[in-house]
1. Counting just the residues of the stretch 148-162 that are touching a residue at least 60 places away in the same chain (Cβ under 8 Å) and more than 14 Å from Ala212 (Cα to Cα), which one comes out surrounded by the most Cβ atoms within 10 Å (Cβ to Cβ)?
2. Quick one: in the stretch 746-779, of everything that is open to solvent by less than 50 Å² (accessible area, probe 1.4 Å) and among the polar types (S, T, N, Q), which residue is modelled with the highest pLDDT?
3. Within the stretch 383-414, can you find the residues that are among the hydrophobic types (A, V, I, L, M, F, W, C) and assigned to a strand (DSSP E or B)?
4. Go through (1) β-branched (Val, Ile, Thr); (2) open to solvent by 40 Å² or more (accessible area, probe 1.4 Å); (3) modelled with pLDDT of 95 or more for Ile539 and report which single condition fails.
5. If a residue has to be surrounded by fewer than 18 Cβ atoms within 10 Å (Cβ to Cβ) and charged (D, E, K, R) to count, how many in the stretch 353-371 make the cut?
6. Hey, could you check the stretch 565-582 for residues that are closer than 30 Å to Ile459 by Cβ and hydrophobic (A, V, I, L, M, F, W, C) and say which is surrounded by the fewest Cβ atoms within 10 Å (Cβ to Cβ)?
7. Of everything in the stretch 410-425, what is over 11 Å from Ile470 (Cα atoms) and of a type in the set (A, V, I, L, M)? Give them in sequence order.
8. Could you please find all residues in the stretch 734-745 being in a helix (DSSP H, G or I) and open to solvent by less than 30 Å² (accessible area, probe 1.4 Å)?
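The values are calculated or read from the model by the stated rules, or taken from the named source; none is laboratory data. These figures come from a predicted structure and were not determined experimentally. A quick note on method: Cβ atoms are made from the backbone with ideal geometry, for glycine too, and the neighbour counts reach across all protein chains shown. The accessibility values were calculated without ligands, DNA or RNA, using every heavy atom of the protein model including side chains. Shrake-Rupley method; radii C 1.70, N 1.55, O 1.52, S 1.80 Å.
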Amino acid sequence: MIKNKFILILILVAVVLPFASSLISFYTDWLFFVETGFSSVFTTTLYAKTAAGLLFGAVLFAVLLINVLFANRAHFPYSGIFMVGGNIRVQRDEVARFVKPLALLASLLLALLAGNWGAMRWEEILLFTNRVDVGTVDPIIGKDIGFYLFSLPFWEMLKGFAGFVLLATAVVVGAVYFVRGGIIMTERGATVDEKVRRHLAVLIGLFACTIAAGFYLDSFGLLYANNGAFYGAGYADVNSRLLTYRILTFLTPLAGIMLAVGVWKGTWRMALLPPAVVVAIYVIGLSIYPGVLQKFKVAPNELALETPYIKNNLEFTRFGYDLEKIETIPFDVDTKLTAADIANNDATIKNIRLWDHAPLLKTYSQLQQIRTYYKFFDVDNDRYKVNGQYTQVMLSPRELSYADLPSKNWINERLIFTHGNGITFGPVSRISKEGLPEFFVKDIPPVSLADIKVTKPEIYFGELSNDYVIVKTKVPEFSYPTATGDINTTYAGTGGVAIDSLLKKAIFAAKFRTEKILLSSDITSESRILYKRNINERIRAIAPFLRFDADPYMVVDGKGGLKWMIDAYTYSDRLPYSKPLRGGINYMRNSVKTVVDAYDGSVNFYISDPDDVLVKVYSRMFPGLLKPLSAMPDDLRTHVRYPHNFLQIQAAMFAAYHMTDPKVFYNKENLWEIPVLDEKPMEPYYTIMKLPGEKVEEYILLLPFTPSKRDNLAAWLTARCDGENYGKIMAYTFPRDRLIYGPKQIDARINQDSFISQQLSLWNQRGSEVIRGSLLVIPIEKSLLYVQPLFLAADKAGLPELKRVIVAFGDQVVMEENLELALQRLFGGKKSPAAVSGVVPADTKATPATLAKEAMSLYEKAVTLQRQGNWSGYGEELRKLEQVLKRMAQ
């Protein structure tokens, strides 16, 4: 008796615990959606999942129930015994009384599985019910593109479900008939009663109809085919496979009817001949004949026969990745850049990015981390009006790293250390005399050295945040350390969920599997629990149908608050004739900009591409979720930028699909590629510059191209980020009749420069690590300037210092302490020291006598360092001596 009770308790626990866990997750998710203001999204998704689950489960259960009841009503003459395992004899009548309840139980379990499967297809159902037409039809079958994006997945889902229902029904009723004597196994094989044959014949006929529907839907799949030289249906597909699918769609139901009639009557020859004919047509029409057609007709005349289909591939791939909007502009490059041109493009020069992300992240971490439990996870690039000047900056949030807390316990991790603090913020090009970055905002609490103020520096929601913290408790929250002691704070925001009842305490204690939430005396009725604090998890929970960029960036708004901005993409793998990415996606738009408040966790989604057909459908699915971009506050709109990850995808496609002539595309006559340096493709980079034909500098994203398997430049692609010009993309193409140095060629010339290579060797011999930064191509007027920073670190863990800047123009390559000196060597003239860096240049108006004394002093220093074996210092003095001698020669 005790053993039976124990088993009963275990069964109850096994059933109740998962259900209780699901109920708790459901309730806490509901509270999260209410907190963020998107309860309608939760209910819409819930209703869709519930309706789909009930519908699919009910349909399967009803079909199984009807067939099982029909099978149980039949009576068979062979109700005696049957064999199990060859030796065990079982009375059918004894087993038959269990058939009905077991069959019903099996039907119920299958219905639950079908309901769960249907609930997971909620998005396909909502896309179908809210579908719109695109206004463009495919050139082969003539269906609107909206059919492929929204309807085809739905019909394929129904076809798959219908096939599963019929197969499950056949298996269940077959088992019922076997146990009840309708199917008998003898030494000669299986004997099937006439009633059973007729029942199975009906199921076979219906299953043939689902196969015919599958052939019909498969005909649309031809438009996604990979034909080697291009994607989409080709000549053999259209003139063989498409016709075969249409024939099979018509013949398969007829063959199914004949098969069903044959099974009904028990004439097996009549039953097997029609399916054999269908199989023969399938093999010949979809495999043999297309292969012969391709080899003997298409291959010898491929370009002539495939040209219309290549044109389709070009058109739809350009549509799929929004390449149609790229404007191609000839760029007649020259090498006539002068000092006056440099001066006229002062804002561009000031904003050339010298600080690379990786070295700067290390430098920020060592200079501004303040305490070991703070961490800079990433460095972001943006632009601000700083002291009235349009300035490109690097910004990194100082987040709390829970893995590095000095004392890990529940109170520290959940009640005291609740947030990060502030940012480090500085220009992209300025360096101190020590080779370190300058700051506009630094330290804790934030100290502003410019007119950018951070008034609310706390970061409760970020990229490193843990799963939950509890604020407004009796325990003061840690804010920041000072020399005299720690400063505490209390959360004053509206984020999170109030823990104002014992029930909520118990629910959250169960969710996060800790009794401390329930038992802690520090939690009051005013306390709030902040969860889903990781911004990526937070936004994905609200909009799982969007794909979010892997590089969120932080913005300081007009009131000094901190906001996260994340680009979001709509996507599909259902666009005909479009070349897919790895993973199958062949349609993509950056249609949504997401903003998350770092203090209270509030989330807003803004539509940045209202012409995107997918975002139109999502707006119909979830009214109120997506706001127009005009609703975004102006102080945030000025920081919207074109995502570099998306431009990289577009560039990879545009490298081939800028060729719009099918013949040129087929022959790859003008194929481009993204330049590769150190075995890594160049990535798009942000800069501030004046585009050709424009009068004002603007924030842009830039990426160069080279011809395929060659190193010279072919074009540069730029995406505009500011104001009304946001999203406009231009491809500036270089003349093909002359050599324009590409990044790899400039890199080789830098390596071949005797002075630069000697200096690098000296640094390496001293045990220092030389880090070569990104090689940037900077268009100025009608010329190209190449800039590469050099960083020096004592070792791999050392502090990277920006020690030199290499600039290349035309056939000249120079290396100087800063960008200003390098430009002086190349173009002459003199600029304001504040233009580029904090390093004051030498006086270019010194008298010959002064210069001679300076040269003698440098020579003596060099000789002394040579005797001491200080080859690094020796090379440095020789470089300075060279500069003085050049000034004397002017």
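1. So the first thing to find is which residues in the stretch 148-162 are touching a residue at least 60 places away in the same chain (Cβ under 8 Å), and the list is 148-150, 152-153, 155-156, 161.
Remaining after also requiring more than 14 Å from Ala212 (Cα to Cα): 148-150, 152-153, 161.
Numbers: Tyr148: 22, Leu149: 22, Phe150: 25, Leu152: 20, Pro153: 19, Phe161: 18.
Selected residue: Phe150.
2. By that ranking, first place goes to Ser774.
3. Pass one, the stretch 383-414, residues among the hydrophobic types (A, V, I, L, M, F, W, C): 386, 393-395, 400, 403, 405, 410-411.
Correct list: Val386, Val393, Met394, Leu395, Leu400.
4. Failed condition: (2).
5. 1
6. This residue is Met565.
7. Within the stretch 410-425, just Ile423 meets the criteria.
8. First, pick out the residues of the stretch 734-745 that are in a helix (DSSP H, G or I): 743-745.
Once the filter is applied, which keeps residues that are in a helix (DSSP H, G or I) and open to solvent by less than 30 Å² (accessible area, probe 1.4 Å), the stretch 734-745 yields only Pro743.
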